[in-house]
Structure formats: C-alpha cells, structure tokens
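Read through the structure below, which is laid out as structure tokens, and then see the notes.
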Amino acid sequence: MIHSMTGYGKSVLQLPNKTISIELKSLNSKSLDLNMRMPSMYRAKELGIRKLIASKLHRGKVDFSLFFEITGEETFTNVNPTVVKKYMKQLEGLADGDAMELLKMAVKMPDAISTERDDIDENEWASIQNEIHTALEKIELYRLEEGKVLEADFSNRIAIISDLLEQVLEIDPERITNVRERLHKGVAELKEKYDENRFEQELVYYIEKFDITEEKVRLQNHLEYFIKTLNSADSNGKKLGFISQEIGREINTIGSKANFAPMQKLVVQMKDELEKIKEQLLNVL
C-alpha cells in the first residue's frame, strides 16, 4: 500500500489556562526536510520531537507547528516588594517626591521585578506529547488516503500501457510486411539486376534488426513488476521510480525500431501515460 507525501494533521489540547495547537503539513521531497516552529519554552524537547516525526513520516518537506493561546491567568513576572521598598527608602533620602513617583523609579531598578523561569511542567508535556502522536496519526491517515488515489491512478495507467502494448503486438506482422514491401519497391525502382536469394538474405538480416520481441517481453515483465510492487505492504516510491525508468527504456527502444507510423503512434501514447506516472511518483513515499 503506497503512501503520498502530501498530508495534513492537526490536534488541539485544551488545558486549564491555555489552548495548545499542533499542526503538521507535508509535501514531497527526496528526503526528510523538517521545519519546526515552537515557543522557546519547549525548545528543550525539540530533538525528541524531530526523532519522533522522522520515525513516522520518513520523507517529505514537513512543517511542524506548536503554538499556544493563554485562556486564563498565567503570571510570568513578579514584583519583589522587599527590594522595591528598600529602593524607595533610599530614593526618598536623596530627593523629595511623592510615593507614586518613587515607586515608578524603584521598579526600574535591578532585581525589583523577577521573571519566573520557563520550566516545563512534565504533566503538561505528557499531554502535549499525546497530542503530537494524535496529529501524526492524522497526517499518516491523510497520506494513506492520498496514496489510495495515486494507486488507483497508477493501476489505470499501467493497464492502458499494457493495452497499447497488445495493440503493438497485433500490428507487428503488418509492420514487418510493410517494411518488406517498401524495401522491395525501393530496389525495384533502381531498375538494376540483383541476386534474389542474396537480397532475401539481406532482407532477413535487416528485418531482424527491427525485431522487438525481446523488448515486448521485458516491457510486459516490467509492467507486471510495477503492479506487484504497487500492491506490496511497503510504500516504496523510489523503487517504483526505478521500475518506471526501465519501462521507459523499453518503450523508447520499441519506438526507435518501429519504423511504422501506426506503431509509432501507439508508442507516443505509451510515453504520454508513463510521463504522467513519473510525475505522480515524485509524491509517493
């Protein structure tokens, strides 16, 4: 079962004093290209998140976002009243002023205001981790559903190429006859005497150069192998890409040997279907 590299997953965690939102978006990429956006207070957990995402998504250009919105009272700074009072008393001894003016000056002095350290509450983080797993499950499901669409498209296009190959086989005898007749006509137009037996020998040799039996067999095998790989348990876009290259090689060789307009037309149609497969394979995990 193949998976697409295109996906989206979101999970929202409601805590007593904040709402935490986690989003994962992914597009196709040759390797894992992970971009993370998260508050500085959670940066200590970044490496673990990266490892988790890499183990689940494997490849793709992935954007991970973790952000929160305060929904209740949460204090990050505190006034140090003892220090402030000492500053006010010292300032009062230096200059006259009312209490409010002295307070304004005192709170600007060192250590008058203390900032709470951004320690991560482990219980809170455990809840966040669960939501990250939930978001990963959603994006994996999204990728799987997209993969099913791609799989159906690939199967359909491989079937079309296989059908076109059958049409190539049907007109192959006609092609050989056409080549033979054109050669006979060309020689006849020369109006020169020639050894009929020698001509037939050369003709057989010439026609053998245009034989596509091996290419037809290899192309059929590659098409079957593509479908077998497509239906395997693992999603292997790179392997399918290699197989599509082999399919293209055989189609091109048949085209170069065709020397017959109706067959070349079929080859062009096969190439068109294969190009569409290759384009979509770039998005397969």
query = Is it fair to say Lys191 is farther than 26 Å from Ser4 by Cβ and modelled with pLDDT under 95?
reply = yes
task = Among the candidates Met41, Met36, single out the residue that is among the hydrophobic types (A, V, I, L, M, F, W, C) and in contact (Cβ under 8 Å) with a residue 40 or more places away in the chain.
result = Met41
query = Can you tell me which residues in the stretch 216-230 are polar (S, T, N, Q) and in contact (Cβ under 8 Å) with a residue 12 or more places away in the chain?
reply = Gln220, Thr229
task = Just need a number here: residues in the stretch 14-33 that are among the aliphatic types (A, V, I, L, M) and touching a Phe, Trp or Tyr at 6+ places or on another chain (Cβ under 9 Å).
result = 4
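Residue-wise test of (1) under 30 Å from Arg59 (Cα atoms); (2) modelled with pLDDT of 95 or more; (3) assigned to a helix (DSSP H, G or I); (4) touching a strand residue (DSSP E or B) at 6+ places or on another chain (Cβ under 6 Å).
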{"residue": "Ile176", "(1), (2), (3), (4)": "no, no, yes, no"}
{"residue": "Tyr206", "(1), (2), (3), (4)": "no, no, yes, no"}
{"residue": "Val217", "(1), (2), (3), (4)": "no, yes, yes, no"}
{"residue": "Asn221", "(1), (2), (3), (4)": "yes, yes, yes, no"}
{"residue": "Lys228", "(1), (2), (3), (4)": "yes, yes, yes, no"}
{"residue": "Phe242", "(1), (2), (3), (4)": "yes, yes, yes, no"}
{"residue": "Val267", "(1), (2), (3), (4)": "no, yes, yes, no"}
task = Test Leu15 against the criterion of being among the aliphatic types (A, V, I, L, M), on the phi < 0 side of the Ramachandran plot and exposed (fewer than 12 other Cβ atoms within 10 Å of the Cβ), and give yes or no.
result = no
query = On the given criteria, is Phe154 at pLDDT below 70 and assigned to a helix (DSSP H, G or I)?
reply = no
key: Count - residues of the stretch 246-266 that are in contact (Cβ under 8 Å) with a residue 12 or more places away in the chain and in contact with a helix residue (DSSP H, G or I) (Cβ under 7 Å, 6 or more places away or on another chain)   = 14
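The values are calculated or read from the model by the stated rules, or taken from the named source; none is laboratory data. None of the values given here were measured: they were computed from a predicted structure. Here the Cβ is made from the backbone with ideal geometry for all residues, glycine too, and neighbour counts use every protein chain on show.
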